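**Student:** Pasting a structure here, questions to come.
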Amino acid sequence: MKKWVKSLAISLALPGLLLMGCGGGNGGGSATTNAPKGDAPAGVQERKIKVGIGLNEDHPEGQGIKKFKELVEQKSGGKMQVQNFFSATLGDDQKMTEALQGGLQEVTVPSTSPLVGMIKEYGVFDFPFIFNTEQEAHAVLDGPVGQKLLDKLPEHGLIGLAYWENGFRNLTNSKRPVNTPQDFQGIKLRTMQNEIHLEAFKALGANPTPMAFSEVFSALESKTVDGQENPLATIKSNKYNEVQPYLSLTKHVYTPFVFLVSKKFWDGLSPEEQKIMKEAAVEAGKYQREVNFKENAKAVEDLKAAGMKVNEVSDENRQKMKEAVQPVIDKYSKEIGKDLVNEMMAEIEKARKK
Ligand code: KDG
């Protein structure tokens, strides 16, 4: 595996808008640039906040937690100090989420997919081919459906403050371009640890293997698996082009990130400190979505320039893929609850009409 230079976290931030529900390695070292301690608002005391993500500092999510750091330190007069850790320095999503539940870490921002073992309703975001645009996804996440799912976190020792954006997932592999469902046949595919993804790719004829994100590059390099699927910004940031000749623009699933805070930590904060955390998470999330959209828009050309053979999947073939996975969507719609699924589909339809 190419040695990554795990750089130190130095965060950036800008003030933004407050939206309800909208919604990564410094080599283990702490940020070397902390906002100077100024006049802290009343009700704010010295706090240390460890933020860990699986993605790299150069990824839009890394940019997002750097912005979060600056916003929190700015709003608290430097009293609330954020320490960012990138590239799974603090462990993979599951380990960091458990660390929040145990009060050993304060913040992580994983995809919602690994949470479905704990909260099955998050599986609605793993249904393939239900969103056509980021705007549709934001309408669901920032509306009543997204909030209902955030409301299920506290009973698991977690507080969800905002949804950030991982984005539309695309397929890379070392075997062939994938245009039709038949092209998936026999591809050993790494997936997130999420049963809907596993069953959907089996229905398409692939041979899926669940695996933590931090193990993906070495599994591709050693040919343990033939392929993986992730948003373009992740494919680029993690240099999958070095071990994956083919990129197929399937846009098969839109994955959100969810900004998680340890409930043990959260419950010890004053109302003023909680307000600072919430505003910073939402404002940084708005910024992160913008950065992510721009990065994903330019990543295809960058990955082509890096040598990947890129194929667009036609609408007709995406429809055939959707038909192949429909039985999986039907099965999990029943398991999750048709009311929530129907509410989400209605939100999508409403967004489409705008
Ligand atoms: O910590 C990084 C993961 O949350 C995110 O990249 C998940 O998309 C993901 C994957 O493929 O594991």
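Since every read-out is calculated from the coordinates, none of them should be taken as a lab result. Predicted, not measured: the structure shown is a model, and the values here were computed from it. Please note: Cβ atoms are built from the backbone with ideal geometry, for glycine as well, and neighbour counts cover all protein chains shown.
**Student:** Hey, which of these cross-link pairs are over 19 Å Cα-Cα: Lys202/Lys309; Lys239/Lys298; Lys148/Lys338; Lys175/Lys309; Lys48/Lys75; Lys66/Lys278?
**Tutor:** Those over the limit are Lys202/Lys309.
**Student:** Note down the magnitude of the dipole of the range 79-232 about its Cα centre, charges +1 on Lys and Arg C-beta and -1 on Asp and Glu C-beta and zero elsewhere, to the nearest 20 debye.
**Tutor:** It comes to approximately 340 debye.
**Student:** Taking a cut-off of 17 Å between Cα atoms, list the aspartates and glutamates near Lys79, but don't count ones fewer than 8 places away on the same chain.
**Tutor:** Asp39, Glu46, Glu70, Glu106, Glu272, Glu273, Glu279
**Student:** I would also like to ask the following. What's the extension gain from Glu215 to Leu104 if we count 0.36 nm per residue and subtract their Cα-Cα distance?
**Tutor:** Residue separation times 0.36 nm, minus the Cα-Cα distance, leaves 37.6 nm.
**Student:** How many percent of Cα pairs in the chain exceed 37 Å?
**Tutor:** Roughly 16 percent, rounded to a whole number.
**Student:** Given the rule -39500 (n - 2.57) for each run of at least 4 DSSP H residues, summed and divided by the residues of the chain, what is its mean residue ellipticity at 222 nm, to the nearest 500 deg cm²/dmol?
**Tutor:** When only DSSP H runs of four or more count, the value is -12000 deg cm²/dmol.
**Student:** If packing is taken as the average number of other Cβ atoms within 10 Å across a peptide's residues, how do 50-61, 298-309 rank, most packed first?
**Tutor:** 50-61, 298-309
**Student:** Using 0.36 nm times the number of residues separating Gln135 and Lys48, minus their current alpha carbon distance, what extension gain do you get?
**Tutor:** 27.9 nm
**Student:** For Glu272 and Asp58 in one chain, what is 0.36 nm times their gap in residues minus the Cα-Cα distance, to one decimal in nm?
**Tutor:** Length gained between Glu272 and Asp58: 73.9 nm.
**Student:** Relative to the Cα centre, what is the charge dipole magnitude of the chain, using +1 at the beta carbon of each Lys and Arg, -1 at the beta carbon of each Asp and Glu, and rounding to the nearest 20 debye?
**Tutor:** The dipole magnitude comes to about 520 debye.
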